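Enquirer: Next up is a structure, given as structure tokens.
The values are calculated or read from the model by the stated rules, or taken from the named source; none is laboratory data. It should be emphasised that the depicted structure is a prediction, and the values quoted were computed from it without experimental measurement. A quick note on method: Cβ atoms are made from the backbone with ideal geometry, for glycine too, and the neighbour counts reach across all protein chains shown. The accessibility values were calculated without ligands, DNA or RNA, using every heavy atom of the protein model including side chains. Shrake-Rupley method; radii C 1.70, N 1.55, O 1.52, S 1.80 Å.
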Amino acid sequence: MSGGPFLRHTLGAIADWFVTSPAFRWTWAAPEKGNVKRKLLEIRPADGHSVDDMMIGQYLLAQRLVDTSGTSPFAVDYGTDEWFEELHGFTWLRHFSAAHDEGSKKFAGTLAMDWISRYGQFSKKIWDNKITALRVLNWAKHFDVLNFGLNDPRRAVVERSFFEQVQSLRIRINFEADPARRLLMRVALLGAAIAVERPKEDVAKLLERTLLSLNRQIDANGLHKSRSGEEQFLLLLEMIPVRHAITPLLPDLAKQFAQVLDRMHQSLSLLMHTTGELSFFNGTRTVPHEMLLSVQSRATDNLDIERGAISGGYAALLGQNSKLIAESGQELGDDFRSRLFAGAASFEYSFRNDLIVTNCGPGPSSLGEDADLFRLPASHSTLEIEYQGKFPIKSEQLLAGHMKANRDRVPKLNLEERTVTLNNAGYEAMTGLVHERILSVLANDGDALLGQDIIRCDLTHKNAPDQFLLRFHLGPGVEAELNDSSNQIELRLRSGGKWAFIWEGANAIVEPSARYSAHKGLQPIQQIVLSGSIQAEQEVVWTFMPQT
């Protein structure tokens with residue numbers, strides 16, 4: 001983290017510690033009073049059977065099922081950050097709108113009262129700014145469900161808790177160093193103001209502040225500067241209901257808000273494969289397909305990309321039935337650097353319902369500090385270097401070097417020739433090596449993907465590597481087998497389709513790999529690795545091609 005962001009983070013953390021300490025917290029423990037009168041729109045699908053499961057202690061959150069054996073889910077010490085976030089963010093509350101009977105509907109209030117009895121008082125972990133913002137938004141969407149069957153005193157307890165959480169966001173927002181979390185807090189404050197029907201001028205001020213944050217964090221093409229497709233999705237998921245609510249209330253400001261969201265929809269579509277899933281760049285994890293469709297169906301503009309486009313350091317190129325998404329490693333702002341991965345010159349490739357080439361995604365939170373290893377080049381479909389002896393560069397130096405060297409890199413897109421050119425200088429200062437990659441989609445040849453990797457190295461550099469490794473992580477369900485007789489690697493796709501991988505200028509092997517999975521933590525996959533000894537200049541050519 002560079003000086004400016006580091007200083008803001010440190011000072012913000014100190015200030016946040018002060019305002020949340022018992023010595024100061026009493027000053028905001030008595031929030032404003034009011035009534036939640038208006039619901040925000042829910043765009044995520046609801047499933048009444050999920051309520052039945054919860055009533056017997058089975059909670060499917062963050063795409064992972066946890067059986068609490070009938071005890072309260074809030075009493076479970078479960079080690080997955082994603083599951084914990086969804087539980088305390090109350091994302092599951094929407095399912096109670098589809099509950100099958102009154103007894104099931106009342107269970108939502110039982111869970112709410114249980115949460116308040118345990119965590120109604122401030123707790124640093126449970127009242128984390130992001131989780132609190134999500135909880136406020138979900139309560140605003142389903143406050144009637146939350147209070148179904150509760151008597152007036154209990155409803156008052158729930159309402160007071162809602163206002164205390166809003167007050168927490170209001171007090172702490174200026175001390176939150178992470179821009180994306182700060183933006184989510186602004187959206188939650190705006191949503192809460194709409195839900196309690198605060199005066200129009202108050203709502204207008206909150207909307208103006210949200211617009212200001214949006215314009216600072218969204219680039220001209222509509223991509224959030226974290227460059228994470230998952231972050232883009234999450235923000236849209238929570239801003240769409242607010243857009244719906246403010247349109248009749250503040251039409252002029254709502255129009256400005258809608259224009260930003262429409263650009264965000266367009267950028268998100270660039271990062272989506274032909275399979276309908278998001279590409280795994282810069283920390284993006286698996287997003288449920290039905291959720292992604294719910295978000296993108298709310299776009300008012302046409303989301304089709306005719307042949308290709310560039311947005312925020314990404315390039316997308318379409319074939320007849322395929323899509324190539326490539327990453328340059330570009331940085332869109334100092335405040336977002338800590339979220340980026342060293343994936344310069346990496347790519348993913350999909351064909352119809354098959355993801356053929358992918359990246360590994362982020363490391364599961366259960367890995368602790370080792371999760372950061374997934375930010376390195378080895379977990380991407382790009383170039384890695386190797387030494388015969390001890391690796392002379394520490395992981396954190398390698399990561400920082402990639403960020404710095406590629407921060408201004410922009411992919412070059414040639415629509416006439418259907419090519420993307422990427423220049424990766426991530427290794428140059430540390431090892432004297434530079435990497436150029438040219439990717440071509442051969443639409444007239446069954447959407448074959450042709451790649452050229454040009455590697456140049458100053459062999460006199462003290463850290464000049466001994467070997468290069470070009471990794472191609474294969475999509476889930478893709479099976480690869482080296483056929484020595486035909487000098488190719490045969491691929492059987494998840495759909496049953498057959499492709500082949502051919503190459504020149506390197507040795508090839510098939511090795512195990514792993515990819516982030518919400519269900520399994522890490523899902524075993526395979527990877528193709530091309531390797532060779534480093535020379536002053538060399539070229540490796542390869543092709544993924546369908547077999548008829």
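Enquirer: Need the C-alpha centroid separation for region 120-188 versus region 45-98, integer Å.
Expert: When both Cα centres are located, 18 Å separates them.
Enquirer: Moving to a separate point now. Given the rule -39500 (n - 2.57) for each run of at least 4 DSSP H residues, summed and divided by the residues of the chain, what is its mean residue ellipticity at 222 nm, to the nearest 500 deg cm²/dmol? Before the final figure, lay out the partial values.
Expert: Numbers: 15 runs with 191 residues, N = 548.
Result for the chain: -11000 deg cm²/dmol, rounded to the nearest 500.
Enquirer: What are the ³J(HN,Hα) couplings of region 370-377, residue after residue, when phi is run through the Karplus curve with 6.51, -1.76, 1.60 and θ = phi - 60°? Round to Hz, x for glycine and proline.
Expert: Couplings: 5, 4, 5, 4, 6, 7, 7, x Hz.
Enquirer: Put 244, 265, 461 in order of accessible area, largest first, 1.4 Å probe: what do you get? Write out the running numbers ahead of the final one.
Expert: Details: 244 115, 265 0, 461 50 Å².
The most accessible residue leads, giving 244, 461, 265.
Enquirer: So between residue 156 and residue 110, what do we pick up on full extension, going 0.36 nm a residue minus the alpha carbon distance? Could the numbers behind the result be given before it?
Expert: Values: separation 46, 0.36 × 46 = 16.56 nm, distance 1.44 nm.
That works out to 15.1 nm of additional length.
Enquirer: Can you work out the Karplus-derived ³J(HN,Hα) for every residue in region 427-444? Use 6.51 cos²θ - 1.76 cosθ + 1.60 with θ = phi - 60°, whole Hz, and x for glycine or proline.
Expert: Taking θ as phi minus 60°, the curve returns 9, 4, 5, 7, 9, x, 10, 10, 9, 10, 10, 10, 10, 10, 9, 9, 4, 7 Hz for region 427-444.
Enquirer: How many angstrom lie between the Cα centre of region 519-541 and the Cα centre of region 198-250?
Expert: 40 Å
Enquirer: Sticking with the crude label model, points 7 Å out along Cα→Cβ, report the distance from residue 353 to residue 121 in nm, one decimal please.
Expert: Calculated label separation equals 5.5 nm.
Enquirer: DSSP loop trypsin sites (Lys or Arg not before Pro) in region 279-326 with at most 16 other Cβ atoms within 10 Å of their Cβ, which ones?
Expert: Numbers: sites: 285, 298, 307, 323; in loops: 285, 298, 307.
Taking region 279-326 and a limit of 16 other Cβ atoms within 10 Å, the loop trypsin sites (Lys or Arg not before Pro) found are 307.
Enquirer: While we're on this one: Over the chain, what is the relative contact order in percent, taking alpha-carbon pairs closer than 8 angstrom and at least six residues apart? It would help to have the intermediate numbers written out before the result.
Expert: Working: 1090 pairs, mean separation 58.7, N = 548.
After rounding, I find 11 percent.
Enquirer: While we're looking at this one, here's another question. For residue 479 and residue 55, FRET efficiency with R0 = 56 Å and r from the beta-carbon atoms, rounded to 0.05? Each step should come with its number before you reach the end.
Expert: Details: r = 41 Å, r/R0 = 0.73.
Calculated value: 0.85.
Enquirer: Amide H of residue 60: which non-local residues (sequence gap of 5 or more, or other chain) have their own amide H closer than 5 Å, using H built in the peptide plane?
Expert: Placed amide hydrogens put 66 under 5 Å from residue 60.
Enquirer: Next question. Report, in listed order, any pair from 106/200; 124/404; 130/390; 33/105; 125/225; 225/462 with a Cα-Cα distance greater than 31 Å. Before the final figure, lay out the partial values.
Expert: Working: 106/200 34 Å; 124/404 34 Å; 130/390 41 Å; 33/105 26 Å; 125/225 26 Å; 225/462 36 Å.
From 106/200; 124/404; 130/390; 33/105; 125/225; 225/462, over 31 Å: 106/200; 124/404; 130/390; 225/462.
Enquirer: From the list (i) 75, 60, 46; (ii) 98, 64, 51; (iii) 77, 49, 47, can you say which value of Cα extents along the principal axes in Å was derived from the structure given?
Expert: Computing Cα extents along the principal axes in Å and matching it to (i) 75, 60, 46; (ii) 98, 64, 51; (iii) 77, 49, 47 gives (iii).
Enquirer: Return the sequence-ordered ³J(HN,Hα) values of region 498-503 in whole Hz as given by the Karplus equation 6.51 cos²θ - 1.76 cosθ + 1.60 applied to θ = phi - 60°, using x for Gly and Pro.
Expert: Per-residue couplings from phi come out as 10, 10, 9, 10, 10, 7 Hz.
Enquirer: What FRET efficiency comes out for the pair residue 197/residue 69, r = Cβ-Cβ distance, R0 = 35 Å, nearest 0.05?
Expert: Computed FRET efficiency for residue 197 and residue 69 comes out at 0.25.
Enquirer: Next up: Please identify every one of the GluC sites (Glu not before Pro) in region 301-384 that sits in a loop by DSSP and has no more than 16 other beta carbons within 10 Å of its own beta carbon.
Expert: On the way: sites: 306, 327, 331, 348, 369, 384; in loops: 306, 331.
Answer in residue order: 306.
Enquirer: So what does residue 184 come to for accessible area, using a 1.4 Å probe and Å² rounded to 10?
Expert: 10 Å²
Enquirer: On to the next question. Could you work out how far helix 395-406 tilts from the main Cα principal axis of the chain, as a 0 to 90 degree angle to the nearest 10?
Expert: The angle comes out at about 80 degrees.
Enquirer: Taking amide hydrogens as modeled 1.01 Å from N in the peptide plane, which residues meet the under 5 Å criterion relative to residue 448, leaving out close sequence neighbours?
Expert: 442
Enquirer: Could you list which residues have their amide H under 5 Å from that of residue 474, counting only those 5 or more apart in sequence or on another chain, with H placed in the peptide plane?
Expert: HN-HN under 5 Å from residue 474: 358, 526, 527, 528.
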